[in-house]
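Accompanying notes for the structure given below.
Derivation of every value follows stated rules applied to the coordinates shown; laboratory data play no part. Only a predicted model underlies this, so the values are computations on that prediction, with no experimental measurement involved. Cβ: placed from backbone, ideal geometry, glycine included. Neighbour counts: every protein chain shown.
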Amino acid sequence: MNFEQVIGNRRSTRFFDPDRPVEREKIQKILEAMRLSSCAMNAHWLRAVVVYRDELDDELFERLKVPVTGVLMELAPVHIYCFADPTIVPKDKGNRVKELIDVHACNPSHGWTYKFVEEHAWPAVLKPLSESPTYPAMMAWDDGGAAMQGLLMAINQGLGACYSVMVEDVAKEAFGVPDEWLPHYVMNIGYSLEDPGQRPRPPFDSLYYERHVDTPFERDEKVVKELEEAGMLQDPEPKPGRKEEVRRLCQQLGLVE
Ligand SMILES: Cc1cc2nc3c(=O)[nH]c(=O)nc-3n(C[C@H](O)[C@H](O)[C@H](O)COP(=O)(O)O)c2cc1C
């Protein structure tokens with residue numbers, strides 16, 4: 001798969017093969033992809049706990065599910081619980097930025113020195129930021145990027161994946177997660193049994209602008225065609241036969257049609 005196909009082939013899989021396990025090395029590659037994401041201050045807030053469905057006892061598994069996640073989690077053999085650790089910046093006091101200076105990623109040419117971090121970046125920017133009400137939103141933005149890299153790595157390895165909401169208190173208690181970590185979502189992974197079209201999206205020009213929000217970024221049809229040929233822009237849902245595919249999968253898996 002080329003890069004465009006990885007993006008284009010991704011769907012939120014909801015019909016997994018419940019009996020086909022996920023190889024541990026594929027799980028590791030998903031986590032490796034998350035770790036390489038870009039992150040403000042090089043902080044890397046994302047924490048993930050890999051949970052194997054078949055190791056959960058029935059009572060706990062029931063408590064980890066909600067109506068929009070139940071079937072999904074029963075079918076997916078692996079659930080990766082994602083959290084943010086907000087303590088990293090207050091503990092670290094700018095040291096992770098200094099690491100970037102040490103390896104010459106951030107250089108004096110761009111204003112980066114130990115003195116700048118100690119006298120300005122930490123006390124005037126990072127510390128107040130880590131105490132501000134916008135701090136969780138900032139972590140969520142960065143962790144979302146990491147989570148999406150992991151998602152694309154799942155697709156790149158032939159897996160299906162779907163994020164889902166988390167029952168925070170149950171998950172934290174069951175998996176020994178520190179109280180101060182903030183919940184994100186759960187990445188459910190497994191082998192997909194379905195082959196749907198791309199899901200509906202808002203029109204391109206209702207989302208993106210050029211120079212000013214008065215001016216939608218106009219789509220060049222030549223580029224659209226190029227991305228179609230590369231496999232990124234694909235036929236939208238519903239694909240012909242999708243209804244029948246869903247019916248067949250429900251019968252196969254013993255689900256309500
Ligand atoms: C952070 C996040 C949380 C989600 N939570 C759920 C969920 O709880 N249950 C579910 O069925 N789908 C969930 N989804 C899947 C979205 O509904 C899905 O992205 C949407 O249907 C668009 O389709 P696509 O991902 O196949 O392109 C979630 C997706 C994301 C990114």
**OP:** Mind telling me which of the residues Pro240, Pro183 ends up being within 27 Å of the chain's Cα centre (by Cα), at negative phi and not aromatic (Phe, Trp, Tyr)?
**Re:** Pro183
**OP:** Filter the stretch 145-200 down to the residues that are free of Cβ contacts under 8 Å to residues at least 60 places away in the same chain, under 21 Å from Glu74 (Cα atoms) and part of a loop (DSSP other than H, G, I, E, B), then identify the one that is farthest from the ligand (Cβ to nearest atom).
**Re:** Gly158
Original post:
Do you know which residues across the stretch 156-176 are closer than 12 Å to Arg10 by Cβ, more than 12 Å from the chain's Cα centre (by Cα) and aliphatic (A, V, I, L, M)?
Top reply: Leu159
Subject >> Some residue of the stretch 25-34 being assigned to a loop (DSSP other than H, G, I, E, B), in contact (Cβ under 8 Å) with a residue 24 or more places away in the chain and either surrounded by fewer than 16 Cβ atoms within 10 Å (Cβ to Cβ) or in contact with a Gly (Cβ under 9 Å, 6 or more places away or on another chain) (or both) >> reply: no
Subject >> Single residue of Ser109, Ser38 found to be in contact (Cβ under 8 Å) with a residue 24 or more places away in the chain and surrounded by fewer than 18 Cβ atoms within 10 Å (Cβ to Cβ) >> reply: Ser38
**OP:** Could you give me the residue pairs with C-beta distances under 8 Å whose first residue belongs to the stretch 56-73 and is in contact (Cβ under 8 Å) with a residue 24 or more places away in the chain, whose second residue is part of a loop (DSSP other than H, G, I, E, B) and within 10 Å of the ligand (Cβ to nearest atom) wherever it lies, and which are 6+ apart or on separate chains?
**Re:** Val66/Val165; Val68/Val165; Thr69/Val165; Val71/Arg14; Leu72/Arg14
